[in-house]
Structures are given as structure tokens and as C-alpha cells.
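S.K.: Before I ask anything, here is the structure I am working with.
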Amino acid sequence: MKRAFMREDFLLPNDTARELFRQVKDLPILDYHCHINPREIWEDRRFENITQVWLGGDHYKWRLMRQNGVPEEEITGKAPDRVKFQRFAETLPLAIGNPMYHWCHLELKRYFGYEGVLNGGTAEEVWQLTRKKLQEDPTLSVRGLIRRSHVEVIGTTDDPADDLCWHEKLRREKGFPVKVLPSFRPDRALKCRQPGFPSYIHLLEEVCRLAVSSLKEFKRILCLRMDFFDKMGCRACDHGLDTLPFVPATEQEAETVFLRALHGHRVTQREEDLYITHMLTFLGREYKKRGWVMQLHYNAQRNVNRRQFRLLGPDTGFDCISTNESSAQLSALLNAMEETDSLPRTILYSLSGEENMMIASVAGSFTEPQVRGKVQLGAAWWFQDTKAGMEKQLRDVAQSSLLGNFVGMLTDSRSFLSYTRHEYFRRILCGLIGQWVENGEYPDDKETLTSLVRGICCENARAFFGF
């Protein structure tokens, strides 16, 4: 029988799936990794129109519009917001099978009560409805959106040099119940081949009021920043790596590379890999000491369209999947930390979904008594963040480890409307488990099933990160 578009049993194919979803649909959201701006939370920003909240920094949408031939002026340029929204609305109907189609309609339904379908012909109707609500509805300010989405924890992504002033303001405010916690992202401290590496080290010198003339002194500065982040409630770090290197080195060898980079001399790719390997093992020890979770995102090719990169800069929609094979490097890196009892709880994300089983098999080799799922394959990331990608990730975790220990979904987003991605994930999770049960592949034990899905959707993350 043909189903209506996105009705209440959307992605829930049977009674078991629908019952499981009822158990988790209103659970709190622990969004442990995202890229939203804490300043906008503190200021409780109100958006004037849907273009600002939808298209302001969303390179997912920008890519689709470019692929539909929309001029850059009407995507990231100076065209009026109404024109940009129109072009996106005209593009969206072509996105059949793309998660963007589902995300957009879930957001329109949940936050604006719009039950129709967005396209070029309905764009004006949606524009007027959403603009009026964004300007008038108190629950559609930034804080209102967070509250109505049942968000309990937000983990932002922050540079070691950040003063975390907005986090501090939010910590001191007693009227806002959501924890907004910083996450330590030291990418600029590791990528020593970048032209701006020396100036970044000087910035950290100014922040800490300490001079750096050796690797030991630089490590001291990073430890001071980690202490500061820890004081501000940090529970996790994150690393964005193009590839996952493993080139073991002595302290002296790593310092030689560091000093070359610090003084502006050329550093080879192998030398940077050596330096990053050394620093990751150092940082892993420090993360474990503080009880933080280490996240590693890798296998992304960045800024492959160099002409557009020069025009628009990074994080504008010109990245793609890398297929570098990384099993040897990953296992060696984790083992180097394990050998010295300095491996923290870790979540691994590869942009290539073909690596899922390899990652899960490596992760299962590193365990610790009393720690459930110490090293895990993370949620389907970026280009894998689709219905098929999520189902594959869930199946791969299930058949290679313990799905019941998985820490679940995150938004990894810059948008305050993206919390519906948790609903999307919960529906897909319950749909998959519901199929297993009704196929006779798992007992119809409601107490156990409810405990499983509640853990994956909420409770496991709370325990894993120590929220």
C-alpha cells in the first residue's frame, strides 16, 4: 500500500519499530559534537528569515545548489535572501533520495508546523510563514529552538587559543538549563606544513604569556590550555585529519621538525606525519589524564577545487571523500598509546564508509575493564550521514561489536534547526531493530529492546562522556 509522505510512521515499517520510537522520541538530546557558535546562544539570536538560519553557513545545501547550476552570487554572494531561498526551493525537488530532502521537511514540520512540500511554487508560502514565525515566536530564537528540541548538552568545537568567553557567560547564567561545553580542537597546532603555523604558535604564546623556543615549551602551553578547557567543563577533544599518519619518532626528531616549522622552513609531508604522530600520542596521554573522550575524524580531501577555495575559503563545500587505506596506521597509533597506558576513550570516524568494518575490528582490539565500548566506530559522518549510510554503520557496528554500547547520533552541524537529525537517526535505528525483531532475528523482549534503544539514543553518551 502506498504511504503518504512523511506521516507519523515515517521510516518505521512495523509495529515493533513504532513502539520503540515512542520510547525514545522525547528523550533528551546530548549533542556531543557540533559547530554552532556559542556567542549566538548567549545573545539568544533571532533570525530574520529562513535563509539566515538555513543557508547562512550550510555547505551541504550550497553543494546541491551549485550542482543545479545556481550562480554563486545567489548562493553565498550578495543576492537578496529571498532570491537565495527561491533558488534552494527550486533545487530541493531534484534531491530525491538525498537526506537533505528529509532533513528540510522535518525541520519545516517540527519548528514551523508546515505540512506541505517545499518547491519553487510553494517557496513564497514557506518564506512568509517562516519569516513571520522566526520574528514573532519566542520559541524560535536560538535558545527557544534549543529548549523545544529537548537538548541537554551541546559540545561545541573550539580552538586552543579561544578565550571561551561565551562559554563562561553561559556557565554563570542560572536561567538557561542546557550545558554548553567546549571541545578541544588543536588542528592548527598539528598541521605544521600550513603557512600560518608560526603565527599560530605566536598567538598561543600571547594567550599564555609564555615564549616558545622548544617543543617541550610548546607542550607546556598546550597543557595549560587543556587545563583551562577542563576547568570550563570540556569533556572531549576532536582532531580533523586529512589522513591518519603513523611515523614513530623520538622527542628530538619531533622537535627538529617543530623548530623547522616554527622558523618558517619547509617541512615535508613525511616530517609532518612524524610530528603529528608524536603529538597525538602526547595528547592522548593528556586526554586520558583528564578523563576526556578523543575523537578522530579523517580521510577527507579538503578544498579540492583550488580556484573556488581561493575565492571562498575553507568549509564552503569543496571537500570530498579520501580512500586512503589506514588499518595499519590506526592500529599502530592506538597501540602506541595503549603501550604506555595512555589511550583515552576514543571515537573514530572515517569519511569513507567502506572502512567501517576495519575500524570496528581495530576498535574491538582495545578494551578496558569497567569501560563499555572504550574505542568505537562513530556515527555515520558527513557524506555517510544518509539513511543508507546510517543503516550501514549500525549494521557494521552490530555485526562486529556491541551495538548496545554505541554512543549514538550527533549533529556535526552549524545550524540550530539540525536537531531533527536526532529524530531522523532514532527513526532509522528503531526501524532497523524493528525489522530484526519481526524477522525473528532477535527476541521480542520489550524491556531489553527499550533499554537498548534508550541507551543508544541518550544514556550511553551520558555515561561515555561523563555528562
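The values are calculated or read from the model by the stated rules, or taken from the named source; none is laboratory data. Keep in mind that what you see is a predicted model, and the values were worked out from it rather than measured. A quick note on method: Cβ atoms are made from the backbone with ideal geometry, for glycine too, and the neighbour counts reach across all protein chains shown. All accessible areas refer to the heavy atoms of the entire protein, side chains included, with ligands and DNA or RNA removed. Shrake-Rupley method; radii C 1.70, N 1.55, O 1.52, S 1.80 Å.
S.K.: Scan segment 20-40 and report the pairs whose first residue is under 13 Å from V151 (Cβ atoms) and whose second residue is surrounded by fewer than 16 Cβ atoms within 10 Å (Cβ to Cβ), with Cβ atoms within less than 9 Å and a gap of 6+ or a chain change.
M.R.: D26/H150; L27/H150; L27/R454; P28/H150; I29/H150
S.K.: Can you name every residue in segment 23-45 that is open to solvent by less than 30 Å² (accessible area, probe 1.4 Å) and farther than 30 Å from C165 by Cβ?
M.R.: If the condition is that a residue be open to solvent by less than 30 Å² (accessible area, probe 1.4 Å) and farther than 30 Å from C165 by Cβ, then V24, L27 are the ones that fit.
S.K.: Could you tell me which numbered condition T340 fails, if it satisfies all but one of (1) more than 17 Å from the chain's Cα centre (by Cα); (2) modelled with pLDDT of 95 or more?
M.R.: (2)
S.K.: Can you tell me how many residues in segment 412-467 are acidic (D, E), open to solvent by less than 70 Å² (accessible area, probe 1.4 Å) and touching a residue at least 60 places away in the same chain (Cβ under 8 Å)?
M.R.: The number of residues fulfilling the criteria is 2.
S.K.: Shifting gears a bit: Among the residues of segment 235-250, is any among the basic types (K, R) and out of contact with any helix residue (DSSP H, G or I) (no Cβ under 8 Å at 6 or more places or on another chain)?
M.R.: No: zero hits.
S.K.: Quick one: C192 ticks every box in (1) over 23 Å from S413 (Cβ atoms); (2) open to solvent by 10 Å² or more (accessible area, probe 1.4 Å); (3) outside any helix (DSSP H, G or I) bar one, so which box is it?
M.R.: Result: C192 passes all but (2).
S.K.: Next up: Mind listing whichever residues of segment 243-272 are exposed (fewer than 15 other Cβ atoms within 10 Å of the Cβ) and either in contact (Cβ under 8 Å) with a residue 60 or more places away in the chain or over 10 Å from L215 (Cβ atoms) (or both)?
M.R.: Passing the criteria: P248, T250, H263, G264, H265, R266, T268, Q269, R270.
So that you can scan it fast, the table gives a plain yes or no per residue for (1) crowded, with 17+ Cβ neighbours inside 10 Å; (2) farther than 24 Å from C458 by Cβ:
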site	(1), (2)
E115	no, yes
G120	no, yes
L129	yes, yes
T139	no, no
R148	no, no
P182	yes, no
R185	yes, yes
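S.K.: Oh, and also: Which residue out of L20, L92 is within 30 Å of P443 (Cβ to Cβ), surrounded by 17 or more Cβ atoms within 10 Å (Cβ to Cβ) and either over 21 Å from the mean Cα position of the chain (by Cα) or of a type in the set (S, T, N, Q) (or both)?
M.R.: Exactly one residue qualifies, and that residue is L20.
S.K.: For segment 195-209, which residues satisfy the criterion of being assigned to a loop (DSSP other than H, G, I, E, B) and open to solvent by less than 50 Å² (accessible area, probe 1.4 Å)? Walk me through it before giving the result.
M.R.: To start, the set of residues in segment 195-209 that are assigned to a loop (DSSP other than H, G, I, E, B) comprises 195-196, 209.
The answer is G196, and nothing else.
S.K.: Here is a follow-up. Could you tell me whether V70 is more than 22 Å from R45 (Cα to Cα), part of a loop (DSSP other than H, G, I, E, B) and modelled with pLDDT of 95 or more? Before you say what the answer is, go through the steps one by one.
M.R.: Working: more than 22 Å from R45 (Cα to Cα): yes; part of a loop (DSSP other than H, G, I, E, B): yes; modelled with pLDDT of 95 or more: yes.
So V70 fits the description; yes.
S.K.: How many of the residues in segment 221-252 are more than 27 Å from P38 (Cα to Cα) and assigned to a helix (DSSP H, G or I)?
M.R.: Looking only at that region, the number is 2.
S.K.: Scanning for something open to solvent by 60 Å² or more (accessible area, probe 1.4 Å) and either within 23 Å of the chain's Cα centre (by Cα) or closer than 30 Å to V178 by Cα (or both), does segment 59-79 turn up at least one residue?
M.R.: Checked segment 59-79: at least one residue is open to solvent by 60 Å² or more (accessible area, probe 1.4 Å) and either within 23 Å of the chain's Cα centre (by Cα) or closer than 30 Å to V178 by Cα (or both).
S.K.: Out of H202, H265, which single residue is within 23 Å of L164 (Cα to Cα) and more than 26 Å from the chain's Cα centre (by Cα)?
M.R.: Result: H202 is the single residue among H202, H265 that is within 23 Å of L164 (Cα to Cα) and more than 26 Å from the chain's Cα centre (by Cα).
S.K.: Here's something else I'd like to know. It is to be established whether one or more residues within segment 46-58 are within 30 Å of V407 (Cα to Cα), among the basic types (K, R) and either without any contact (Cβ under 8 Å) to a residue 40 or more places away in the chain or open to solvent by 50 Å² or more (accessible area, probe 1.4 Å) (or both).
M.R.: no
S.K.: Here is a follow-up. Looking for whichever is touching a residue at least 24 places away in the same chain (Cβ under 8 Å) and under 20 Å from G408 (Cβ atoms) here; the options are I321, I359. Which one fits?
M.R.: The conditions single out I359.
S.K.: If I ask for residues that are touching a helix residue (DSSP H, G or I) at 6+ places or on another chain (Cβ under 7 Å) and closer than 15 Å to G56 by Cβ, which ones from segment 20-43 would you list?
M.R.: Scanning segment 20-43 gives R39, E40.
S.K.: Name every residue in segment 218-242 that is open to solvent by less than 70 Å² (accessible area, probe 1.4 Å), more than 22 Å from L334 (Cα to Cα) and of a type in the set (D, E, K, R), in order of residue number.
M.R.: If the condition is that a residue be open to solvent by less than 70 Å² (accessible area, probe 1.4 Å), more than 22 Å from L334 (Cα to Cα) and of a type in the set (D, E, K, R), then R225, D230 are the ones that fit.
S.K.: Return the residues of segment 440-467 that are of a type outside the set (D, E, K, R) and closer than 19 Å to D9 by Cα; say none if nothing qualifies.
M.R.: If the condition is that a residue be of a type outside the set (D, E, K, R) and closer than 19 Å to D9 by Cα, then L449, T450, V453, C457 are the ones that fit.
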